[in-house]
Amino acid sequence: MTEVLYFLDCYLREFEATVEKVTDDKFIVLDCTAFYPESGGQPNDIGKLIREPDGAEFEIIYVGKFNGEISHEIACAGGTMSDGLKAGDRVKGFIDWDRRYQHMRMHTATHILASVIEKEAGAQITGNQLGLDQSRVDFSLEAFDRDKFTEYEKIANDVIAQNHPVNLYLVSRQEAEEKLSRLTTLAKGFSDEISAVRLVEIEGVTIEACGGTHLKNTGEIKGVRIEKLQNKGKSNRRMYFKLLD
Ligand SMILES: [Zn+2]
């Protein structure tokens, strides 16, 4: 099992690892990784691996989770197969930090906006998709008062400005179930084979089970602006937002 380095340190952008498996010359499994695989509405990281000691560089163009494994897809460099990465190779990993950090800001902002519309409007979050430029939150809400969202945006920006610390915990499934008064749709109950759960607490605001990457402090978000609200039929709603810089 790959050790997931971003579980307890989302700010790790360089790390050392050993190649455990190579499939089709381009899908790489490492013994540990700080690369985030596409999941839970958050896009994957990109970056590079540099092999020790010859310094050969391998560009990572996609990271995904397949059969429980985090797989790093490298670009075909045009070299011969004997130049490729092999099991046992030592590598250094470098994450494209600008992209990842923007996703961390978007992701942490999503937690706050979701908690505000849940608390203030009684909405139920049904999904989300992060982007670099804008992100969206889907929710279920019967009475949809668009004017209220100006107020929700203000509440979210107040929370952001209050510089709440964000804490990460790895706990047993039982502890998680005790600690969470409610489970979001992002983690509706835990399947039996899950033994450890990652909890994300924005102190004084919200605590939930989440596997994504988060900031250490809400102040780093700087601010949010709600861009667009859409009716997707019945009680399904969609909200787009951007970050303030
Ligand atoms: Zn999260």
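Averaging the Cα positions of each part gives two centres, and for the stretch 96-166 and the stretch 51-74 these lie 31 Å apart.
Listing 104, 1, 239 from fewest to most neighbouring C-beta atoms within 10 Å gives 1, 239, 104. Subtracting the Cα-Cα distance of residue 98 and residue 52 from their residue separation scaled by 0.36 nm leaves 14.1 nm. Using only the alpha-carbon atoms, how far is helix 148-161 inclined from the longest principal axis of the chain? Give it as 0 to 90 degrees, nearest 10. For helix 148-161, the angle is close to 50 degrees.
Placing +1 on each Lys and Arg Cβ and -1 on each Asp and Glu Cβ, with no other charges, gives the stretch 100-243 a dipole about its Cα centre of roughly 540 debye. In the chain, the DSSP-assigned H stretches of four residues or longer account for a calculated mean residue ellipticity at 222 nm of -6000 deg cm²/dmol, using -39500 (n - 2.57) per stretch and the full residue count as denominator. Inter-label distance, residue 119 to residue 11: 2.5 nm, where each label sits 7 Å from its Cα along the C-beta direction. Dipole magnitude for the chain: about 860 debye, using +1 per Lys or Arg Cβ and -1 per Asp or Glu Cβ, origin at the Cα centre. Using a simple spin-label model with pseudo-atoms 7 Å out from Cα toward Cβ, residue 230 and residue 86 lie 5.0 nm apart. With all distinct Cα pairs included, what does the Kirkwood hydrodynamic radius of the stretch 3-95 come out to in Å, to one decimal, could you say? Value: 13.1 Å, from the Cα pair sum. The long axis of helix 97-121 is offset from the longest Cα principal axis of the chain by roughly 30 degrees.
Segment residue 175..residue 1, full-extension length gain: 60.4 nm, with 0.36 nm per residue of separation and the alpha-carbon distance subtracted. Based on Cα contacts under 8 Å between residues 6+ apart, the stretch 100-243 shows a relative contact order of 33 percent.
Shape index of the chain: Rg/Rh, with Rg the Cα radius of gyration and Rh the Kirkwood radius from the inverse mean 1/r over Cα pairs, equals 1.02. For residue 196 and residue 21, the FRET efficiency from 1/(1 + (r/R0)^6), where r spans their Cβ atoms and R0 equals 22 Å, is about 0.45.
Annotation: aspartates and glutamates with alpha-carbon distance below 17 angstrom to residue 242 (same-chain offsets under eight excluded): 98, 133, 138, 151, 153, 158, 220, 227.
Values in this text are rule-based calculations from the coordinates and carry no lab data. These numbers were taken from a predicted model, which means no experiment stands behind them. Glycine gets a Cβ as well: all are built from the backbone with ideal geometry, and neighbour counts include every protein chain shown.
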